[in-house]
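The values are calculated or read from the model by the stated rules, or taken from the named source; none is laboratory data. Please read all numbers here as calculations on a predicted model, not as lab measurements. Cβ sites come from the backbone with ideal geometry, for glycine too, and all protein chains shown count toward neighbours. Calculation scope for accessible area: heavy atoms of the full protein, side chains included, ligands and nucleic acids excluded. Shrake-Rupley method; radii C 1.70, N 1.55, O 1.52, S 1.80 Å.
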Amino acid sequence: MVKICCIGAGYVGGPTMAVIALKCPEIEVAVVDISVSRINAWNSDALPIYEPGLDDVVKQCRGKNLFFSTDVEKHVSEANIVFVSVNTPTKTQGLGAGKAADLTYWESAARMIADVSKSDKIVVEKSTVPVKTAEAIEKILTHNSKGINFQILSNPEFLAEGTAIEDLFQPDRVLIGGRETPEGQKAIEALRDVYAHWVPVDRIICTNLWSAELSKLAANAFLAQRISSVNAMSALCEATGADVSQVSHAVGKDTRIGPKFLNASVGFGGSCFQKDILNLVYICECNGLPEVANYWKQVIKVNDYQKTRFVNRIVSSMFNTVSGKKIAILGFAFKKDTGDTRETPAIDVCKGLLGDKARLSIYDPQVNEEQIQRDLSMKKFDWDHPLHLQPMSPSSIKQVSVVWDAYAATKDAHGICILTEWDEFKTLDYQKIYDNMRKPAFVFDGRNIADVAKLREIGFIVYSIGKPLDPWLKDMPAVA
Ligand code: NAI
């Protein structure tokens, strides 16, 4: 029987392994983690992450051929294939701080694999890693191998949070990179056989190791670049009276460009885009390619600009101060259908408003108070470490209250910021909300989901990203 072990029971390790277990009933899959609370949650009815369809998949296989455990060494030593899906945060100190990937967790996982292994293994990079990481891992494993043969594969994950299960069931492609030696090719085939249980073979792309590693960074950079491109246009639309939705519709009709990922917003977030681009920038710099590095750096700069611009719009339209004013924040997750708040633009927007002394009342259907308080007081990049190594729960910021209802959040507020595109925000009773707010009442729609005409009819002053400006806002420019 083939045994798979995955080190790291996070947003990637949990769902990917659950789907492998479901689709390959004859394979035993163990997902292991050093975080006891995370493993306990995976073994409970309240899974540690919210992802549509995940509960159902886990329920079908858990206890049959899918196991969650903290006994890392036992499961690694028994496995034929070991996936490594641990955190790869941005370094905060030392060489490459603020850009390079911190491979501490990866390295300790690799050393542990070498220590406990008694039989040959295929080690699969599932985490997103810098190009040439496989070489470093190979060195660690072979120098500590006691004669055991390790084959390293790169199998980056392309799932998107919020649609992870759908993406895993029907991936656009599965990418497997390996050494171009007979042993390397044999390892690729073994992993291809796993995916071939449900993925058509023409969607399984096999490459060399470095192409696979770089393709993941490149894919995320291209995706983020589209968002920054449309967001850059949104600023120009506001200045000229063009409508960004009309522009992106017209642009996206070109089949060479395509319509996806062209929605203007308050900015991209999530655990990967910024981290992976910073990593790409660092690799370019290390390879003596400053022009290429600067090109990609700009994608992040535009994203930061978009968040600052949004905050400035709010403050300038409210007579240049939000001090002491209650602002309702609708949505905190980095996108809808996930409870994930890592690098969510809501953090920077809230911090910007708090910097101007606003009082915030926050509501998100999937994010709890502890998480929000933690996010608003944590230092940049600290979030991307295993839970038990993160700073302890901080004392809460007293200007921030977290409520479990959009109506409570907006009561007596001067303004509303929509920061996540949750469907329920489209169908709120905005008349009722307006009646309970201070006047003039503002809506700042960071996701372009509100029915602007209807809101204006009710009496709101509305700002939608990249849309023709409300006359009120025209006289109050948002330039810092
Ligand atoms: P995560 O933070 O949710 O999960 C990582 C887990 O690894 C944590 O539970 C942590 O406790 C555990 N861990 C760390 N070191 C360990 C060790 N030595 N032994 C056992 N467990 C250990 O992270 P997530 O989101 O699952 O990401 C993992 C990797 O996948 C990252 O490199 C990320 O860039 C990449 N990725 C993430 C995607 C996403 O949508 N979240 C999509 C594609 C790739």
Excluding same-chain residues fewer than 8 positions from LYS132, which aspartates and glutamates have a Cα within less than 13 Å of its Cα? GLU213
Over the chain, what percent of the accessible surface lies on carbon and sulfur atoms, probe 1.4 Å? 53 percent
Over the residues of segment 73-228, compute the C-alpha Rg and express it relative to 2.2 N^0.38 Å. 1.06
Suppose we keep just the DSSP beta bridges with both residues in the chain; what percent of those would be antiparallel, to 5? 5 percent
Toy charge model, Lys and Arg Cβ at +1, Asp and Glu Cβ at -1: segment 369-470 dipole around Cα centroid in debye, rounded to 20, equals 360 debye
For segment 271-377, the charge dipole (Cβ of Lys, Arg +1; Cβ of Asp, Glu -1; about the Cα centre) points to a positive end, and the Cα of GLN274, SER377, ASN320 closest to that extreme belongs to ASN320
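Would you mind working out the magnitude of the charge dipole of the chain relative to its Cα centre, with +1 at each Lys and Arg C-beta and -1 at each Asp and Glu C-beta, to the nearest 20 Debye?
On the way: 54 positive and 58 negative charges, 213 e Å.
Computed charge dipole of the chain: roughly 1020 debye.
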To the nearest 20 Debye, how big is the dipole of segment 243-473 about its Cα centre, given +1 on the beta carbon of each Lys and Arg and -1 on that of each Asp and Glu? 560 debye
Segment 213-229 versus segment 407-456: alpha-carbon centroid distance in Å: 33 Å
Residues in segment 329-345, backbone N under 16 Å from the label point at SER37 (7 Å along the Cα-to-beta-carbon vector): list them, ranges by number please. 340-342
Have a look at PRO386, ALA221, PRO290 and report the one farthest towards the positive end of the charge dipole of the chain, computed about the Cα centre with Cβ charges (Lys/Arg +1, Asp/Glu -1). PRO290
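So for the chain, averaging the separation of alpha carbon pairs under 8 Å that are six or more residues apart and normalising by length, what relative contact order in percent results?
13 percent.
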Dimensions of segment 331-480 along principal axes (Cα, Å, largest first)? 50, 33, 26
Report, in degrees rounded to the nearest 10, the 0 to 90 angle that the Cα long axis of helix 104-116 makes with the longest principal axis of the chain. 20 degrees
List the aspartates and glutamates whose Cα sits under 14 Å from the Cα of LYS146, skipping any in the same chain fewer than 8 residues away. ASP115, ASP120, GLU138
The answer for the net charge of residues other than ASN231 whose Cβ lies under 10 angstrom from its Cβ, with Lys and Arg +1 and Asp and Glu -1, is +3
Need the list of aspartates and glutamates near LYS307 for cross-linking: C-alpha distance under 13 angstrom, and skip anything on the same chain fewer than eight residues off. GLU343, ASP348, ASP445
Which of ALA114, ILE148, ASN436 sits closest to the plus end of the dipole of the chain, meaning its Cα is farthest towards the positive end, when Lys and Arg get +1 and Asp and Glu get -1 on the C-beta? ASN436
Value of relative contact order over segment 243-473, rounded to a whole percent, pairs C-alpha under 8 Å and six or more apart: 20 percent
When all protein chains stay in place, what accessible area (Å², nearest 10, 1.4 Å probe) is found for MET233? 90 Å²
Per-bin percent of Cα-Cα distances, the chain [20 Å]: 23, 53, 23, 2
Which of the pairs LYS325/LYS474; LYS99/LYS398; LYS326/LYS380; LYS3/LYS59; LYS275/LYS357; LYS126/LYS379 have their Cα atoms more than 24 Å apart in this structure? LYS99/LYS398; LYS326/LYS380; LYS275/LYS357; LYS126/LYS379
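Give the peptides 350-356, 463-469 in descending order of average Cβ contacts within 10 Å, highest first. The partial results should precede the final answer.
Details: 350-356: 18.3, 463-469: 22.6.
Highest mean packing first, the order is 463-469, 350-356.
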Using only Cα atoms, tell me the angle between helix 345-355 and the longest principal axis of the chain; keep it within 0 to 90° and round to the nearest 10. 50 degrees
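Given a 1.4 angstrom probe, what's the average accessible area per residue across segment 243-473, in square angstrom?
Values: 10150 Å² over 231 residues.
Heavy-atom accessible area per residue stands at 44 Å².
May I ask for the percentage of alpha-carbon pairs in segment 354-432 that lie more than 20 Å from each other? Don't jump to the answer; show the numbers that get you there.
Values: 1254 of 3081 pairs.
Beyond 20 Å sits 41 percent of the P(r) for segment 354-432.
Semi-axes, largest first, in whole Å: what does sqrt of 5 times each Cα gyration tensor eigenvalue give for segment 8-96?
Details: eigenvalues 110, 52, 30 Å².
Value: 23, 16, 12 Å, ordered largest first.
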